[in-house]
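A quick write-up on the structure given underneath.
The values are calculated or read from the model by the stated rules, or taken from the named source; none is laboratory data. In this text the structure is predicted, and so the values were computed from the model without any measurement. Virtual Cβ from ideal backbone geometry, glycine too; neighbours counted across all protein chains shown. In case anyone asks, the SASA skips ligands and DNA or RNA and just uses the protein heavy atoms, side chains included. Shrake-Rupley method; radii C 1.70, N 1.55, O 1.52, S 1.80 Å.
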Amino acid sequence: MKCSILKKSNKKVWNKKINKLPKHLRSVFFKPEYLELYENKKETIRCFVFEEKEKIFLYPFLVCKIPKVKKFKDIKTAYGY
């Protein structure tokens, strides 16, 4: 079992992980280039990856600053939830 969180700087690895998905599950919505459309100064892109044997799970998300809170951050999808 392996878990990792990919950053924008890992686009090559991120896209390789997407290509491990079955073809019918590969979607533009998983791509870092798609998430970059929603990135700004307060929100940065990441992708959680879980791998176990031949199985893989991807969860792309945005890390968001919380106003007036420095210690913690929030996450959301590109859709806002």
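Anyone know which of 28, 69, 13 comes out most mobile in the 10 Å Cα GNM of the chain?
Maximum fluctuation in the GNM of the chain, among the listed residues, is at 69.
Determine which lysines satisfy two conditions relative to residue 71: a Cα distance under 25 Å, and not lying fewer than 8 residues away in the same chain.
7, 8, 41, 42
Match the structure shown to one of the listed values (i) 13.3, 43; (ii) 12.8, 42; (iii) 12.6, 40 of Rg and Dmax of the Cα atoms in Å, computed from it, and give that label.
Of the listed options (i) 13.3, 43; (ii) 12.8, 42; (iii) 12.6, 40, (i) comes from this structure.
If you roll a 1.4 Å probe over the range 9-58 with all protein chains in place, what percent of the accessible area is carbon or sulfur? Could the numbers behind the result be given before it?
Working: 2100 of 3640 Å².
It is 58 percent, rounded to a whole number.
Which whole-number value in Å² is the accessible area per residue of the chain, probe 1.4 Å? Intermediate results must be reported in sequence, preceding the final value.
Working: 6280 Å² over 81 residues.
Per residue, the chain has 78 Å² of solvent-accessible surface.
Would you mind getting me the FRET efficiency between residue 74 and residue 53? Use the beta-carbon distance for r and R0 = 25 Å, nearest 0.05. Don't skip to the end; give the middle numbers.
Working: r = 32 Å, r/R0 = 1.28.
Computed FRET efficiency for residue 74 and residue 53: 0.20.
Mind checking which lysines have their Cα closer than 20 Å to the Cα of residue 12? Skip sequence neighbours fewer than 8 apart in that chain.
2, 20, 23, 31, 55
Identify all aspartates and glutamates with a Cα-Cα distance to residue 73 below 17 Å; exclude those on the same chain that are fewer than 8 residues away in sequence.
Counting by Cα, and skipping residues close in sequence, residue 73 has these aspartates and glutamates nearby: 39, 43.
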